[in-house]
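Below is one structure, written out as structure tokens; the observations come after it.
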Amino acid sequence: MSMTAASPQSHAEEFLGQAADICGKIDRDAVEAIAIGLAATRENCGRLFVLGVGGSAANAGHAVNDFRKLCDIETYAPTDNVSELTARTNDEGWETVFAAWLRTSRVSGKDAILVFSVGGGNAEHNVSMNLVSALKEAKQHGASVYGIVGRDGGYTAQVADAIVIVPTVDERHITPHAEAFQAVVWHCLVSHPALQKQATKW
């Protein structure tokens, strides 16, 4: 009997092989630049705001824990407060939800934004406009912008002070690879000697 789809074993081999390929291609200098930038944010008593949508929002919540607990950086993700998030979405609209949250938080030049996104936002194609609006708000107040994104990096790449773009090695797997490597890169950051203050238990 012929098979039209790859077997689980061959898919795993392909997917994990692609992950190894991505590891070899990630811009190490960009990772180091983000680490140095976030260390400066901490030294200046600034805050870190982590923005993400969908799977990237779940990653943002996890990253908040790590940056706070391991790196002693005051860190927040708007998506962790579902009441405020949905109230703003309902009353004001999805496009401005992150920008309004940053405005209420008095985002300033001492602070930093870290974007987790597959596409990075795109104003021309009206994609992830909540990220685009948030970054405009942040830059208006002088905040630093960093990102761990996929594809071409979108609007985040255009305005970021430093950015890691997860290399595209297979168009079919852009989203899973981008979201998986957000975790790889942020764990690299929170274990970076320039950032880590507290040891992990294991």
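Non-local amide H neighbours of VAL50 (under 5 Å, H modeled in plane, Pro and chain starts lacking H): which ones?
Excluding prolines and chain starts, which carry no amide H, the hits are TYR76, ALA77, LEU114.
Would you mind checking the pairs LYS25/LYS201; LYS69/LYS201; LYS25/LYS110 and listing those with alpha carbons more than 21 angstrom apart?
Among LYS25/LYS201; LYS69/LYS201; LYS25/LYS110, the Cα-Cα distance tops 21 Å for LYS25/LYS201; LYS25/LYS110.
Where the only charges are on Cβ atoms (+1 Lys, Arg; -1 Asp, Glu), what is the dipole of the stretch 76-202 about its Cα centre, to the nearest 20 debye?
I would put it at about 460 debye.
Would you mind telling me the antiparallel percentage of the DSSP bridges in the chain, rounded to 5?
Percent antiparallel among DSSP bridges in the chain is about 5.
Take the alpha carbon gyration tensor of the stretch 34-190, find the square roots of its eigenvalues, order them as a ≥ b ≥ c, and report rounded if a/c is under 1.5; if not, report prolate when a/b exceeds b/c, else oblate.
Rounded is the answer for the stretch 34-190, as its axis ratio a/c remains below 1.5.
For a footprinting-style exposure proxy, rank ARG28, ARG151, ARG103, ARG88 by other Cβ within 10 Å, fewest first.
ARG28, ARG103, ARG151, ARG88
What is the fewest-to-most order of LEU85, LEU135, LEU16 by other Cβ atoms lying within 10 Å of their Cβ?
LEU16, LEU85, LEU135
Normalised by the number of residues in the stretch 1-123, what is the relative contact order in percent for Cα pairs under 8 Å and 6+ residues apart?
RCO, the stretch 1-123: 29 percent.
Let a ≥ b ≥ c be the square roots of the eigenvalues of the Cα gyration tensor of the stretch 108-202; is it rounded (a/c under 1.5), or, if not, prolate (a/b larger than b/c) or oblate?
oblate
Can you list residues whose amide H is under 5 Å from GLY120's amide H, if they're 5+ apart or on another chain and H is modeled 1.01 Å from N?
GLY150
Just the projected area, averaged over all directions, of the convex hull on the alpha carbon atoms of the stretch 1-122: how many nm²?
11.3
Sort SER117, SER191 by Cβ crowding within 10 Å, fewest neighbours at the top.
Ascending Cβ contact count within 10 Å gives the list SER191, SER117.
First select every other residue whose beta carbon is under 14 angstrom from the beta carbon of THR86; then total the charges, Lys and Arg +1, Asp and Glu -1.
Its environment carries a net charge of -3.
Readers should treat all values here as calculations from the given coordinates under stated rules, not as data from a laboratory. Since the structure is predicted, the reported quantities are computational estimates derived from the model, not experimental observations. Every residue, glycine among them, receives a Cβ derived from its backbone with ideal geometry; neighbour counts consider all protein chains shown.
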